[in-house]
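Novice: The structure under discussion is supplied below as structure tokens; questions concerning it will follow.
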Amino acid sequence: MSNLLTPQGTDCTELNLGFLPLLDAAPLIVAQEAGFFADAGLQVHLHREGNWASLRDKLSLKLIDAAHLLAPLVVASQTSLASTAIRNRLTTALSLGLNGNAITFSNALTAALGCALPATQAELGPALKAVIDDRLKRGLPKLVFGTVFPMSMHTYLLRTFFEQADIDPNQDIGIRVVPPQQMVGALTQGDVDGFCVGEPWNTDAVRACQGNLALLGYDIWPDAPEKVLAVHADFAEQQPDTHQALIGALLRACQWLDGPNSLASVAHWLAKPNYLNCDSDLLLEAMQAPWHDGQPRWHKVFYRNRATYPNPDHARWMLTQMQAARQLPEKRVPDTEVIDRAYQPEIWEKVFKKMTTVSKAETPTDSET
Amino acid sequence: MNILVIDQQLERARILETALTALGYAVVIRSPDEHRIYQLVESFQPDVVIVDAQSPDRDMLEDVALTSDRTPRPIIFFAEDDDDTVIRDAINAGVSAYIVDGLQASRVNTIIKVAISRFEAFQALRGELRKTRDELADRKVIDQAKGLLMKHRQCDEAAAFGAMRKMAMNKKVRLVEIAQDILVLFDE
């Protein structure tokens, strides 16, 4: 496989990749540590960044070649008609797995709910609605929930949950951005009453006895998209071979991540100081502990269920959510154009085909993929 | 003018504070253990926020900029790259300005001025758009009122418009305000 996916010609094979220290950056870290990048003829430097805005800006300014990025940020980069935005357009041809977020409530909010957590969405929705109505009646301030970025699946999953519970996310509650690493602190200090975040921060809040897991992202939308491998549109256009080699190496990493016996190595690698810089036990717990229904806790899939496929339907859903959250510019590019530019499944199909024809042995057992 | 400085390197923040204070700006440095950035922005009402590019707080500021249409603030941040094209690209991309590491006090004032003027140009553009939209909305109200007058007074368009203009001049108010009164009067 490595031979076919090795870039040829004049393409540059030294690449700078950005990531945020989160569990779902695993494909990048695994591809580096297991040597999948090297196999594909790529010399990759991984850069840990401090925030999503910085990752987005560095990609736009071409200071890095690719990044582990919130899927909605790629879609959003294509929406503006402004001439300055054209040079900053991002695109993706690889999804970095599905699911992985959860909603955690503060101890105070949990107590007010009067139902045991975790609960099903059918129990939780009405209980939360009752708390919100009661606060309104007593003139108490709105409940505030933390998200990691305005344009993120975290925001949209929260909003979807509220809407399904007949709670107006524009009126009845507040949604505020809190960096993941400050989430537990914000919950403890009462700055937020709950939050939606990826791992290991939910597990961290529970371990510190500062919050209670209320719901998984999976409960709101099974197999929801989350992060993608984002590149500048110019990179995808001008260095197609390198782009495909990169996707090939990450596909291997995703496949390996979903395979047997990967957990210990993943926890060991990710915990390193230059990556997540955290306790490897915390990572194991975050990945392994079963949910109350007996299923794996996060339902995080990296490869199965077409988890790597950049699905244009996902981009369409995100656009609808951006509209509802009033995040879109007034004059904007038509939706179909945005989706075509932001999500490029044809590149994924090309790489995937090469991979599966080269190595039948590595073909996933899942018939869907 | 109020400037909020958010930097994980307190020493660098202090250098900036000294330089900015000497230039006559009111400066607040966010302490590292302070989580409440929303409250800080609310209470201090900064005109400019200078933030470290690597700070996790940048994502919160994105939210503040997106949600507070009323009091937007230019955001300037430190970059590791001492590269003029990067700075220029960043400014063109809407990031108000980049301050590179090893900043000199003498450069700070110039950069802040450039950032503010870029930001004001952008705001002016947004203001222009809003003005046009308002004018369009006014036009619709005036047309509606004119139609009502024509119907109720059984007069032609020119007469209705003339009557409205005369009322506006007599009362020394804008035409659209007369139009709104007419809509209320005829309960539309």
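The values are calculated or read from the model by the stated rules, or taken from the named source; none is laboratory data. No experiment lies behind these values; they were computed from the predicted model shown. Here the Cβ is made from the backbone with ideal geometry for all residues, glycine too, and neighbour counts use every protein chain on show.
Novice: Please count how many residues of segment A:310-351 are part of a loop (DSSP other than H, G, I, E, B), surrounded by fewer than 20 Cβ atoms within 10 Å (Cβ to Cβ) and at pLDDT 95 or above.
Specialist: So the count comes out to 1.
Novice: Right, something else. Keeping to segment A:36-82, report how many residues are in a strand (DSSP E or B) and of a type in the set (S, T, N, Q).
Specialist: Step one: list which residues in segment A:36-82 are in a strand (DSSP E or B), which gives A:43-48, A:66-70, A:80.
From the residues that got through so far, the ones that are of a type in the set (S, T, N, Q) too are A:43, A:80.
Number satisfying all stated conditions: 2.
Every residue, every condition in (1) surrounded by fewer than 18 Cβ atoms within 10 Å (Cβ to Cβ); (2) aromatic (Phe, Trp, Tyr); (3) in contact with a strand residue (DSSP E or B) (Cβ under 8 Å, 6 or more places away or on another chain), yes or no:
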| position | (1), (2), (3) |
| --- | --- |
| A:Glu14 | yes, no, yes |
| A:Leu22 | no, no, yes |
| A:Phe36 | no, yes, no |
| A:Asp39 | no, no, no |
| A:His47 | yes, no, yes |
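Novice: Among the residues of segment A:45-61, write down those that are facing chain B (nearest Cβ under 8 Å) and not hydrophobic (A, V, I, L, M, F, W, C).
Specialist: Start the filter on segment A:45-61 by keeping residues that are facing chain B (nearest Cβ under 8 Å), which leaves A:49-54, A:57, A:60-61.
Residues satisfying the conditions are A:Glu49, A:Gly50, A:Asn51, A:Ser54, A:Asp57, A:Ser60.
Novice: Which residue pairs have Cβ atoms under 7 Å apart, sit 6 or more places apart or on different chains, and have a first residue in segment A:237-262 that is part of a loop (DSSP other than H, G, I, E, B) and a second that is surrounded by fewer than 24 Cβ atoms within 10 Å (Cβ to Cβ)?
Specialist: Hits for this filter: A:Gln239/A:Asp11; A:Gln239/A:Cys12; A:Ser262/A:Trp256.
Novice: Please name all residue pairs, on different chains or six or more residues apart, with Cβ atoms under 8 Å, provided the first residue is in segment A:275-286 and is part of a helix (DSSP H, G or I) and the second residue is crowded, with 19+ Cβ neighbours inside 10 Å and of a type in the set (Val, Ile, Thr).
Specialist: A:Leu282/A:Thr203; A:Leu283/A:Val266; A:Glu285/A:Thr203; A:Ala286/A:Thr203
Novice: While we're on this one: Find the residue count for segment A:195-252, including only residues that are touching an Asp or Glu at 6+ places or on another chain (Cβ under 7 Å) and more than 29 Å from A:Asp279 (Cα to Cα).
Specialist: Result for segment A:195-252: 5.
Novice: Only residues that are surrounded by fewer than 23 Cβ atoms within 10 Å (Cβ to Cβ), at pLDDT below 95 and assigned to a loop (DSSP other than H, G, I, E, B): list them for segment A:173-198, please.
Specialist: Selection gives A:Gln189, A:Gly190, A:Asp191.
Novice: Of the residues A:Glu14, A:Glu33, which is over 19 Å from the mean Cα position of the chain (by Cα), closer than 26 Å to A:Asn202 by Cβ and at pLDDT 90 or above?
Specialist: On the way: A:Glu14 fails: closer than 26 Å to A:Asn202 by Cβ.
Testing whether each residue is over 19 Å from the mean Cα position of the chain (by Cα), closer than 26 Å to A:Asn202 by Cβ and at pLDDT 90 or above leaves just A:Glu33.
Novice: Now, a different point. Can A:Thr356 be described as of a type in the set (Ser, Thr, Tyr), surrounded by 13 or more Cβ atoms within 10 Å (Cβ to Cβ) and modelled with pLDDT under 95?
Specialist: yes
Novice: Among the listed residues B:Lys131, B:Lys146, which satisfies the condition of being out of contact with any Lys or Arg (no Cβ under 6 Å at 6 or more places or on another chain) and at pLDDT 85 or above?
Specialist: B:Lys146
Novice: Let me ask another. Answer yes or no: is there a residue in segment A:223-230 that is part of a strand (DSSP E or B), within 30 Å of A:Thr110 (Cα to Cα), among the charged types (D, E, K, R) and touching a residue at least 40 places away in the same chain (Cβ under 8 Å).
Specialist: yes
Novice: Give the residues of segment A:141-166 that are more than 10 Å from chain B (Cβ to nearest Cβ), hydrophobic (A, V, I, L, M, F, W, C) and in contact (Cβ under 8 Å) with a residue 40 or more places away in the chain, sorted by residue number.
Specialist: A:Leu143, A:Phe145, A:Met153, A:Leu157, A:Leu158, A:Phe161, A:Ala165 - these are the residues of segment A:141-166 that are more than 10 Å from chain B (Cβ to nearest Cβ), hydrophobic (A, V, I, L, M, F, W, C) and in contact (Cβ under 8 Å) with a residue 40 or more places away in the chain.
Novice: Something else about it: Examine segment B:65-84 for a residue that is part of a helix (DSSP H, G or I), at pLDDT 60 or above, assigned by TED's automatic domain parsing to the domain that holds B:Leu10 and not hydroxyl-bearing (Ser, Thr, Tyr), and state whether such a residue exists.
Specialist: Yes, segment B:65-84 has at least one match.
Novice: Then there's this: Taking A:Gln238 and the conditions (1) touching a helix residue (DSSP H, G or I) at 6+ places or on another chain (Cβ under 9 Å); (2) more than 20 Å from A:Ala34 (Cα to Cα), which numbered condition does it fall short on, given that it satisfies the others?
Specialist: The failed condition is (1).
The rows are residues; the columns are (1) outside the structural domain of A:Pro27 (by TED's automatic domain parsing); (2) closer than 25 Å to A:Met318 by Cα; (3) among the hydrophobic types (A, V, I, L, M, F, W, C).
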position	(1), (2), (3)
A:Leu61	no, yes, yes
A:Leu69	no, yes, yes
A:Leu73	no, yes, yes
A:Thr79	no, yes, no
A:Leu94	no, yes, yes
A:Asn107	yes, no, no
A:Ala111	yes, no, yes
A:Leu117	yes, no, yes
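Novice: What residue, of B:Ala90, B:Ala97, B:Ala53, is within 14 Å of another protein chain (Cβ to nearest Cβ), surrounded by 17 or more Cβ atoms within 10 Å (Cβ to Cβ) and at pLDDT 65 or above?
Specialist: Only one candidate qualifies: B:Ala53.
Novice: Please work out which one of (1) modelled with pLDDT of 95 or more; (2) crowded, with 24+ Cβ neighbours inside 10 Å; (3) of a type outside the set (Asp, Glu) is the condition A:Ser77 fails and give its number.
Specialist: (1)
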